[in-house]
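A short worksheet on the structure shown next.
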Amino acid sequence: MMIEAWALSFPEGALTSLPEWLRGVRVQELLGGETDPYAALTMDGQVLIDANWAGFELGVRHEAFVNGPYVDLDMHFGILAALRADGRVDATGWVTPGDTVRAAAACATEGFTDVVKVEAGLDFVLGLRADGTVCFAGADEGHAAQVRALRDVVDIAAGSRFAIALLADGSVVMTGEYTEEYFR
């Protein structure tokens, strides 16, 4: 289950299924639940990460979330990406044990600059740049080439193995692996 909330505050005793560390925190965005640990973007631009993320560190990625303030956050099945106010992106993640190469590739966001929106997929991260181009970090080079070729993009979304881009002319482009099952 994905939970997204805007400007929420959790008073004492409210939403008792949430972790204790979220009680009383003013949140812009809250992601997680069931299989994913919680991550929250606070009203003051901090990213708070459930302690359960600690077991899934990739190098120093878990500690990357001290570079705020942050303005956007997205998570998809264990990849967590946070957009800094300066337009750069930090990411961390985990995948099935032994498959850290894919997660490490998804978190290689060092070249993301001038980003205005971030989206996470199953094993990739997308960043929409202010100039309407899209940056990609992940292991699938074919998918990366399709995404990086996009121009005049005004919005993005990510699914497990696909990306969707809304172009300035109102058309929609999909890249990656997807089937009609995703859209029923």
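Bear in mind that the values in this text are calculations on the coordinates, not laboratory data. Quantities reported herein were computed from a predicted structural model and do not represent experimental measurements. Positions of Cβ are backbone-derived with ideal geometry, glycine not excepted, and every protein chain shown enters the neighbour counts.
Our estimate of slack between S171 and A157, defined as 0.36 nm per intervening residue step minus the Cα-Cα distance, is 3.6 nm. The order of the peptides 74-85, 161-172, 106-117 by mean Cβ neighbours within 10 Å, most packed first, is 74-85, 106-117, 161-172. Here r is the Cβ-Cβ distance between T133 and E20 and R0 is 30 Å; the resulting FRET efficiency, rounded to 0.05, is 0.10.
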